[in-house]
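Notes follow once the structure below has been shown.
The values are calculated or read from the model by the stated rules, or taken from the named source; none is laboratory data. What you are looking at is a predicted structure, and each value in this text was computed from that prediction instead of being measured. Cβ: placed from backbone, ideal geometry, glycine included. Neighbour counts: every protein chain shown. Surface areas here come from the heavy atoms of the whole protein model, side chains and all, with no ligands, DNA or RNA. Shrake-Rupley method; radii C 1.70, N 1.55, O 1.52, S 1.80 Å.
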Amino acid sequence: MSIVSLVDVVKTYPPASRGGRAVTAVDGVSLEIEAGDVLGIIGYSGAGKSTLVRLINALEPASSGTITVDGVDITGLRERELRRMRGGIGMIFQQFNLFASKTVHANIAYPLRLAGWSKPDIDARVGELLSFVGLADRGRAFPEQLSGGQKQRVGIARALATRPAILLADEATSALDPQTTHEVLDLLRRANAEQGVTIVVITHEMDVIQSIATKVAVMERGRVIEQGDVFEVFSAP
Ligand code: ADP
Ligand code: ADP
């Protein structure tokens, strides 16, 4: 079953200034993401990968085409329904996007507080997540006291907190060294295997695709030029 489905999706950004040019960042993309997949989206900088991800979690409206998430066409949803839909999608980022003024515990608790969880439920869930990401003793630390890899593990714990069906990772390992990248990818693989979360990994690094993805979509100038199982797309004809 497809958990995310895109049909003929186009995204054109309006000109930034008078006399500027409109940019078509996503140019007629059709893509099916199956529940439980680890999909890698690979392409050079400017290919349209981030825009594609922002369309999937409705941070940007599509110019045309249809986007279905978990069976719901999101192109016509109102803001309130969109917020609920986004609750089912976790995001992790290259620069981690943690709150510097909050402890690790409070960072992970944040989406749970937004979702209205009780304090005992939050504490129990955060404890579980800290163990899952191997930071059980770091709940009181602040982000600046952590290494890059630890910060990204906090980012993953926060993204998984509300048990989303989908995790979107935008260049999540691009700021990390190879060893730390390997550890973070390992964690994502475990989240997929143990919790069944569907993962979309955006990257410009082939290594990342080859180490974690089961499916791949190759983007170039706003288009998906190839998609399929990793071994099919990358095996020589
Ligand atoms: P990638 O993630 O593959 O680097 P992006 O989706 O960030 O690609 O960018 C695709 C194209 O869209 C680029 O030409 C970029 O300059 C343009 N673009 C991205 N975001 C915006 C925006 N908010 N406004 C205008 N143009 C944008
Ligand atoms: P903020 O004031 O920005 O909301 P806090 O750091 O004060 O963030 O923590 C938010 C919530 O998380 C509070 O209820 C706090 O008691 C709880 N909390 C923070 N760190 C821990 C921890 N290490 N163990 C248990 N609860 C914690």
Residue within the range 182-194 that is at pLDDT 95 or above, part of a loop (DSSP other than H, G, I, E, B) and either out of contact with any helix residue (DSSP H, G or I) (no Cβ under 7 Å at 6 or more places or on another chain) or crowded, with 18+ Cβ neighbours inside 10 Å (or both) present: no
What tally of residues in the range 1-22 results from selecting those that are open to solvent by 40 Å² or more (accessible area, probe 1.4 Å), within 23 Å of the chain's Cα centre (by Cα) and among the hydrophobic types (A, V, I, L, M, F, W, C)? 2
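Would you mind stating whether residue 202 is away from ligand 2 (no atom under 16 Å from the Cβ), over 30 Å from residue 23 (Cβ atoms), surrounded by 19 or more Cβ atoms within 10 Å (Cβ to Cβ) and of a type in the set (A, V, I, L, M)? First the steps, then the outcome.
Details: away from ligand 2 (no atom under 16 Å from the Cβ): yes; over 30 Å from residue 23 (Cβ atoms): no; surrounded by 19 or more Cβ atoms within 10 Å (Cβ to Cβ): yes; of a type in the set (A, V, I, L, M): yes.
No, not satisfied.
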Give just the number: which of (1) within 15 Å of ligand 1 (Cβ to nearest atom); (2) modelled with pLDDT of 95 or more; (3) at negative phi does residue 48 not satisfy? (3)
Quick check on the range 96-114. Is at least one of its residues in contact (Cβ under 8 Å) with a residue 40 or more places away in the chain, more than 12 Å from ligand 2 (Cβ to nearest atom), closer than 22 Å to residue 171 by Cβ and loosely packed, with under 12 Cβ neighbours inside 10 Å? no
Specify the residue that is nearest to the chain's Cα centre (by Cα); the eligible residues are those in the range 215-234 that are more than 19 Å from residue 24 (Cβ to Cβ), open to solvent by 70 Å² or more (accessible area, probe 1.4 Å) and modelled with pLDDT of 90 or more. 227
Quick check, is residue 146 more than 11 Å from ligand 2 (Cβ to nearest atom), touching a helix residue (DSSP H, G or I) at 6+ places or on another chain (Cβ under 8 Å) and either modelled with pLDDT of 95 or more or open to solvent by less than 50 Å² (accessible area, probe 1.4 Å) (or both)? yes
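Return yes or no: is residue 174 open to solvent by 30 Å² or more (accessible area, probe 1.4 Å), of a type in the set (Ser, Thr, Tyr), farther than 24 Å from residue 107 by Cβ and at pLDDT below 95?
On the way: open to solvent by 30 Å² or more (accessible area, probe 1.4 Å): yes; of a type in the set (Ser, Thr, Tyr): yes; farther than 24 Å from residue 107 by Cβ: no; at pLDDT below 95: yes.
Here the answer is no, as residue 174 does not meet what is asked.
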Starting from the range 23-40, keep only residues that are closer than 13 Å to residue 196 by Cα and open to solvent by 40 Å² or more (accessible area, probe 1.4 Å), then list their pairs with residues that are assigned to a strand (DSSP E or B) and of a type in the set (Val, Ile, Thr) whose Cβ atoms are within a distance under 7 Å, requiring at least 6 positions of separation or different chains. 34/3; 35/3; 35/198
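Residue-wise test of (1) over 30 Å from residue 32 (Cα atoms); (2) open to solvent by less than 40 Å² (accessible area, probe 1.4 Å); (3) within 16 Å of ligand 1 (Cβ to nearest atom).
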{"residue": "69", "(1), (2), (3)": "no, yes, no"}
{"residue": "79", "(1), (2), (3)": "no, no, no"}
{"residue": "83", "(1), (2), (3)": "no, no, no"}
{"residue": "124", "(1), (2), (3)": "yes, no, no"}
